[in-house]
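Since the structure comes first, as structure tokens, the remarks are kept for the end.
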């Protein structure tokens, strides 16, 4: 407003009393003028209202035919409860890793055994136990191999990375889960080889393991066997095991008989036993001179 | 946002009922074939991926129709697809159909009699098709397609888990019309097929080409449903468990379900004290002119009426709890000493009791006395009617239609000769005592049912109970010991149990023990109302001929109802802060106009010469919208490596008319909250799905860790 040079009075408003009985009683008269501050050459008023407070015209009677107070209120509609009877998460998920590739081998030491890991991409991850001189396959459910890449021993800790995400893992043999949600699958095989055509009966097969250490409250331990060198396997024979029950007996009875080439026993579970100490098969008509034991205990 | 919708068909239930439930969500048309055969979510005989969408049977037509959130010109769709048998002719079995906003066909995708997949126009003119058979019966096939209306292109991949092979169809220069895709139908059997047939779909995932992720071919994506399975410390919502006392209930939700026992002198109360009590949970309220009997011994057909406690419908008695008696079994002596308005919330437990003590009847709900004591010294008829629990049971007619209570009962006890409650009390949280050692009045207990494992009388009378029309013991699988999540972590929808977020107004009850004296006052909501013998000004209330009429004048003054100038003073305006409701027998209730705890500050006072007053000095019971509740969800499938998107589904509804919206959110492992759109609710249950494609914490891809360590959040916004 400092730059205003002119202002003109363009409107004068005079509010007159509309009734004259009793005469209007002016209690305040305000004159408001717009003016330019400073040294304006002219002051031009564009609006000059005169506001006059006055008494209303008197009435002989006041008649009210309707009087309403409109109240904004919620009333009964405020008594509303939101209710949710189902809530869930749907996920669109895939499995596997697109274009898995081979990567550098690495080693780790666990329980005094040094394992040499060969990540072979689509062929999976294989590990060689330099103590027992046996191979085993390492895999994470959903992946071709192990979701534990570029492993390295960091002092006594075994550290690796996720195949898909920027996540570092530490290998913990006592954890029954991979990635905190995949039950670790354990599969172990052992066999009894024979050249004999005589039928060898299997009265029972006994497993000695940490049966009470489980991921969930219970799980199943499955036994299958193959009498044709692993081409086909029997249906699974299942023993349910319970968490915390450390004295559970894992015994499969009356498993039929086999002859040459022998029998392969396969034990598997998901999120189950952490360690298998040994397995014993009670055999009938078994002659050590004609046979040789391969893996496991005969 | 690129992902538009996903469905695994695992959470609707199965069969026709499951198909019907689909209509509560994104599906606009489903198939429930009634007598024609099974439809809806199911599983093929050779095994499902998980629950699957099915059209299975031997002879019917139909399809399922999904409406996109908004039309899209360029979409990607993937699914699992299976047929029990290839169609006997071409153009009979449609995998999907692309439709515009007017439901006009843009193109149809068919599996033909040879196993070839064909894209055709509405007149079955072939637009493109696979080089040879690609569909084999009794096998799941993974199908992924790109439909580009704008570019006139269509690409189809079959069983290409990594989207790395040459597409089975790669067509361009097609004309799909001028409009974008607005609707899809799937599993369309357009001609009745006879013989072994059936078609299934699963793992439906629809995307558009917007955004930076999921906007192209992805390869095989499965849809897993991760139900809520654990509570967290963020727990603002209240669970409505089935579980009440112990682990068993009486379920009377089947039509006309109720329980009876043979008539017995031990069930007669004469003129003495008694206590009828039970926990009751209403699934629905009586309609028409019906009643929902809680307990009684009442036979109208042969005039053997004794006593009966029931909730009436609006048409019957304005929705009131009623206790009626007869002294000779005939209608001429029927009296209803208790008629008290009561509108129970559905699916909520109430402890209800009718007590007679020293010639006065008392009504209690949740341990709070409703109304004033009613003088009642009558001798109830010692008739021959059977006992009816949850319904009126008569000697000849059995369970009487339109008298049964649709709901649940727990801890039902009938004590004859003793009034267990004479003042407000806290209902039991444990089973009623069993045996004389635990209950001094054990000899008076004429009926006691806990429904833990059977519908049986556990009182000393061990009377034989008969469950009628499907009334049955129900063992619950929820409760506080299980967790709040058990009310929502359900694979099959059940709207009788849920979590709730209320917004309740405060209220108070005024009792006038006798007619007020002139110049006595009642003040509420900032206005003082003065009782007068003659009116002379605003906020004055006429002392009328009776107490109840005077209360009605006050009620009308508060609400600015009828009677201005005659029953209350001219110039009185409606109370801006409260609304009054009439109650029987010398009482009136006011409810705050503002919802929530703000109403709890509204003062209520009286100056009454002849006794009476407000129940409390301020209104009480106002409840604000609670904070959110977070729930953990089940672990993803063990084979999960990649998570393309997450859809949080909630099935929600509101208890009554009025504004009410619910919002879902994905909470990241570090606590960052990604909120979705708030969804206004209706009184009918409906599904709302919200898509998330980023980890809230990192704004990067969602990983298994996002789900394992994250949680879903429910919030009420208004």
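Peptide A:93-103: average number of partner chain Cβ atoms within 10 Å per residue?
If you average over the peptide's residues, the count of other-chain Cβ atoms is 6.
Is any residue of the stretch A:159-193 close enough, with backbone N under 15 Å, to a label point placed 7 angstrom from the Cα of residue A:105 along the Cα-Cβ axis, and if so, which?
From the stretch A:159-193, the list is empty.
Using the count of nearby Cβ atoms within 10 Å as a rough guide to exposure, how do B:297, A:266, B:567, A:199 rank from fewest to most?
In order of increasing Cβ crowding within 10 Å: A:199, A:266, B:567, B:297.
Going 7 Å from the Cα of residue A:208 in the Cα-to-Cβ direction, what parts of the stretch A:224-260 have a backbone nitrogen less than 11 Å from that spot?
Those under the cut-off are none; the list is empty.
If you take each beta carbon of peptide B:630-640 and count the beta carbons of other chains within 10 angstrom, what is the mean?
Per residue, the average neighbour count from other chains is 6.
Restricting things to alpha carbons, find the Rg to Rh ratio for the stretch B:148-251 using the Kirkwood radius for Rh.
So for the stretch B:148-251, dividing Rg by the Kirkwood Rh gives 1.16.
On a 0 to 90° scale, report how tilted helix B:547-559 is relative to the longest principal axis of chain B, with both axes built from alpha carbons and the result rounded to the nearest 10.
40 degrees
Mind checking B:492-499 for the average number of partner chain beta-carbons within 10 Å of each residue's beta-carbon?
Averaged over the peptide's residues, the number is 3.
Treat each spin label as a single point 7 Å out from the Cα along the C-beta direction, and report the residue B:318 to residue B:521 distance in nm.
3.0 nm
Neighbouring Cβ atoms within 10 Å as the yardstick, rank A:275, B:644 fewest first.
Ordered by Cβ neighbours within 10 Å, fewest first: A:275, B:644.
Measure off 7 Å from each Cα along the Cα-to-Cβ vector at residue A:187 and residue A:150, then give the distance between these two points in nanometres to one decimal.
Once both label points are built, they end up 2.9 nm from each other.
What FRET efficiency comes out for residue B:254 versus residue B:343 if R0 is 25 angstrom and r is the Cβ-Cβ distance? Round to the nearest 0.05.
0.55
With r defined as the distance between the Cβ atoms of residue B:333 and residue B:454 and R0 fixed at 41 Å, what FRET efficiency is calculated, to the nearest 0.05?
0.65
Taking R0 as 25 Å, what FRET efficiency do you get between residue A:116 and residue A:268 from their Cβ-Cβ distance, rounded to the nearest 0.05?
0.55
Quick one: grab the alpha carbon gyration tensor of the stretch B:532-585, order the square roots of its eigenvalues as a ≥ b ≥ c, and give me rounded if a/c is under 1.5, else prolate or oblate depending on whether a/b is larger than b/c.
oblate
Counting only helical runs of four or more DSSP H residues, what would the 222 nm mean residue ellipticity of the protein assembly as shown come to if each run contributes -39,500 (n - 2.57) and the total is spread over all its residues?
So the calculated ellipticity at 222 nm is -1000 deg cm²/dmol.
Using the 10 angstrom Cβ neighbour count as an exposure proxy, how do B:252, A:136 rank, fewest first?
Least to most surrounded, the residues fall as A:136, B:252.
Give the peptides B:655-668, A:225-238 in descending order of average Cβ contacts within 10 Å, highest first.
With the highest mean Cβ count within 10 Å placed first, the list reads B:655-668, A:225-238.
With each pseudo-label sitting 7 Å past Cα toward Cβ, what's the residue A:232-residue B:70 distance in nm, one decimal?
According to this spin-label approximation, the distance is 6.0 nm.
Given axes a ≥ b ≥ c from the Cα gyration tensor, I'd like to know whether the protein assembly as shown is rounded (a/c under 1.5), prolate (a/b larger than b/c) or oblate.
The shape class here is oblate.
Roughly speaking, what is the stretch gain from residue B:422 to residue B:672, that is 0.36 nm per residue apart minus the C-alpha to C-alpha distance, in nm to one decimal?
84.7 nm
What does a probe at residue A:198 reach in the stretch A:237-273, counting residues whose amide N is under 14 Å from the point 7 Å along Cα→Cβ?
A:258-260
Would you work out if the stretch B:248-474 is rounded, prolate or oblate? Take a ≥ b ≥ c from the square roots of the eigenvalues of the alpha-carbon gyration tensor; rounded if a/c is under 1.5, else prolate when a/b is larger than b/c, oblate otherwise.
Rounded, because the longest to shortest axis ratio a/c is under 1.5.
No value in this document is a laboratory result; all are computed from the given coordinates. Keep in mind that what you see is a predicted model, and the values were worked out from it rather than measured. Positions of Cβ are generated from backbone atoms using ideal geometry, with glycine treated the same way; all protein chains shown enter the neighbour counts.
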